[in-house]
Amino acid sequence: MNGRPVFLFNSTAERAAVFREAFARDLPDLIFADDAAAVDPDDVRYLITWKIPADLDRYRRLEVIFSIGAGVDQFDGAGLPAGIAVVRMVEDGIVRMMQEYVALSVLALHRDWPAYAVQQSEAVWRPLPAVQAGARRIGFLGLGMLAQAAMDRLAPFGFALAGWSRSPRTIAGVETFHGAAQLAGFLARTDILVCLLPLTAETRGLLNAEFFARLPQGAALVQAGRGPQLDTAALLSALDRGHLSAAVLDVTDPEPLPADHPLWRHPKVVITPHVASVTQPQTAAHAVIDNIRRHRDGQPMIGLVDRARGY
Ligand code: NDP
Ligand code: OXD
């Protein structure tokens, strides 16, 4: 132990280069390390990583684990020592990219893009009935950082916006629902459903056959939360019966999706490989440095995870 606290970085070399420079400039008293073997484990106070390393118990004086992403479901929260704070990534780059992805997907579904792609593959020139934005009801599962940011982008189009959360929320211009008792009412008024929920014991498998049955005929799905929230067989059945019209999936279970999976070739499904939103190192380094300063000053960190709640 040499006494100087270490910030241990466990992600790509490209991100490490950006973080190293920012830490040298803004937190010079911390040692920035991206090689775990080169530091004394007793000096490590902060760790940033996507997955928890198998040898975490080496770091007996670790105080904070930062997720390199916005989600923390990849950490086995239950297995972490109680005294360690867990912080998810809250940074402008993630927010901006999710705004783009959700706006792109909702507009594509609103304007029947998947159906026109099928028509194009069959050389069919046939206008479909157009619904005006004010008559299109968009519903968000989750009313957190990303959902609210995405709504900000969609609001100027005039869509009818609603969202469902665990606890009651009041958001200007948004019809809000919460809790299990209000889920059915929320789904019944939703034409395009956007899932931006964290993966927890409560949300795993939530999007199942019974859930889809509560959506109106012809509704569509954007799934940008986590793959295990979705019952894929139930989705395929709802699409094949025509109850759902289309789905845009950024997350699947498993990831990557196996080459022979029926989702890949389904004409009503658009798949992207978990790229809706990606941590941007410049803005992320700034956010982590700000949080370390907060932690040192005894201030609450932005994105601190409630470990009992799971997000
Ligand atoms: P937040 O923690 O800010 O918001 C989560 C929202 O989900 C809150 O509104 C919360 O309710 C709600 N929620 C949680 N559990 C339940 C439940 N059981 N029933 C109803 N509502 C619930 O998260 P973010 O917006 O930052 O991120 C959401 C998720 O997006 C991440 O956890 C991750 O899984 C996913 N993500 C996906 C990415 C991608 O590229 N596809 C990139 C980044 C994130 P309440 O308001 O009451 O707390
Ligand atoms: C994240 C993600 O959680 O990329 O940031 O899914």
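Each reported figure results from applying straightforward, stated rules to the coordinates on display, with no laboratory input. Treat the numbers as computed from the prediction; the structure is a model and nothing was measured. Here the Cβ positions follow ideal geometry from the backbone for every residue, glycine too, while neighbour counts run over all protein chains shown.
Here are the numbers:
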quantity	calculated
The chain: most fluctuating residue of V39, V124, V251 per GNM, C-alpha cutoff 10 Å	V124
Relative contact order %, the range 207-311, counting alpha carbon pairs below 8 Å whose residues are six or more apart	22 percent
Per-residue ³J(HN,Hα) for the range 29-36, Karplus 6.51 cos²θ - 1.76 cosθ + 1.60, θ = phi - 60°, Hz, x for Gly and Pro	7, 8, 8, 8, 9, 10, 10, 4
Most mobile of L146, L196, L206 in a GNM of the chain (Cα contacts under 10 Å)	L206
Relative contact order (%) - the range 7-79, alpha-carbon pairs under 8 angstrom, separation at least six	33 percent
Percentage, to the nearest whole number, of Cα pairs in the range 72-175 over 17 Å apart	65 percent
Chain lengthening between A133 and A181 when straightened (0.36 nm per residue, less Cα-Cα)	14.5 nm
Cβ charges +1 (Lys, Arg) and -1 (Asp, Glu), total dipole of the chain, debye	780 debye
Distance (nanometres) between label positions extended 7 Å along Cα→Cβ at D290 and L107	2.8 nm
R0 of 45 Å, Cβ-Cβ distance R241-T12: FRET efficiency to nearest 0.05	0.55
Karplus 3J(HN,Hα) series, Hz, for the range 76-81 with 6.51 cos²θ - 1.76 cosθ + 1.60 (x for Gly, Pro)	8, x, 5, x, 8, x
Cα pair distances exceeding 32 angstrom across the chain, given as percent	34 percent
Full-stretch length increase - Q74, S121 - with 0.36 nm per residue and alpha-carbon distance subtracted	13.0 nm
Distance-filtered residues of the range 279-306 - backbone nitrogen under 15 Å, label point 7 angstrom along W50 Cα→Cβ	279-281
Measure of compaction for the range 233-311 (Cα Rg per 2.2 N^0.38 Å)	1.68
Cα-based Rg of the range 26-114 normalised by 2.2 N^0.38 Å, two decimals	1.49
Long-range HN-HN contacts of W50 with modeled amide H, under 5 Å	I68
Helix 13-26 vs. the chain, principal-axis angle (Cα, 0 to 90°, nearest 10)	60 degrees
Top of R265, R226, R88 by mean-square fluctuation, Gaussian network on the chain, Cα under 10 Å	R265
Estimated Rh, the range 142-283: Kirkwood, alpha-carbon pairs, angstrom	15.8 Å
Mean separation of Cα contacts under 8 Å, 6 or more apart, over the residue count of the chain: relative contact order %	18 percent
Gyration tensor (alpha-carbon) shape descriptor, the range 202-273, a/c threshold 1.5	oblate
E175 long-range amide H proximity, modeled H, under 5 Å	L161, A162, G163
